[in-house]
Amino acid sequence: MRVGILFALQGAVALAALGFSVIETAAAAGRISFCNRQQSRVTVVIVHYLPKTDKWFMSGWQPANPGQCTSFKLESTETVVYHARTANGSMTWPGSGSFDREWCVGPAKLKRNVPGSRTCASGEENLPFRIIKPAGAASTVNLD
């Protein structure tokens, strides 16, 4: 898996990180895109903070076919956490041992407030998430 983060902010500034690439662009405010660089379909779920309600909100599983991107609208770009995986489950982001948080996620497409409980409901699984801090209004995470 390629490693690196790239922020383009009126020029290019490159930084290294583990497991993903981030490209900062000057697009519309409050968007994060995940681009699939794999040979199979990828699905993504994110959790982000909603300052108006003082709650965390989960949205997913949004698909991205090979070579395509999927995007999420954000109310705040302070902190976003994500989990992505290939359709066959052969690759996940973040990878094993390199995650920041865990949340319970069901198998179907969802949009909901994140419950405070750490106990997963029936049909949900506890998945690892990686925290990213978008450096502006629109960012892209390349799933390499």
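The values are calculated or read from the model by the stated rules, or taken from the named source; none is laboratory data. This one's a predicted model, so the numbers in the text were calculated from it and none came from an experiment. All Cβ positions, glycine included, derive from the backbone under ideal geometry; neighbour counts span all protein chains shown.
Details
- Just one of the numbered conditions (1) modelled with pLDDT of 50 or more; (2) in a loop (DSSP other than H, G, I, E, B) is not true of W61: (2).
- Residues located in the stretch 108-144, provided they are at pLDDT 80 or above, within 15 Å of the chain's Cα centre (by Cα) and of a type in the set (A, V, I, L, M, F, W, C): L110, L127, F129, I131, I132, A138, V141, L143
- Pick from the stretch 97-106, criterion surrounded by fewer than 19 Cβ atoms within 10 Å (Cβ to Cβ) and either of a type in the set (A, V, I, L, M) or touching a residue at least 24 places away in the same chain (Cβ under 8 Å) (or both), ranking: farthest from E124 (Cα to Cα): S98
- Pairs with Cβ under 6 Å, 6+ apart, first in the stretch 118-139 and closer than 18 Å to S59 by Cβ, second in a strand (DSSP E or B) and among the basic types (K, R): F129/R101; A138/R31
- Residue satisfying all of: in the stretch 24-35; buried (at least 18 other Cβ atoms within 10 Å of the Cβ) and over 26 Å from C104 (Cβ atoms); modelled with the lowest pLDDT among these: E24
- Residues that are modelled with pLDDT of 85 or more, within 18 Å of R112 (Cβ to Cβ) and outside any strand (DSSP E or B), drawn from the stretch 64-84: L74
- Selection of the stretch 36-91 for residues being of a type in the set (A, V, I, L, M), surrounded by fewer than 20 Cβ atoms within 10 Å (Cβ to Cβ) and closer than 19 Å to W103 by Cα yields L50, M91.
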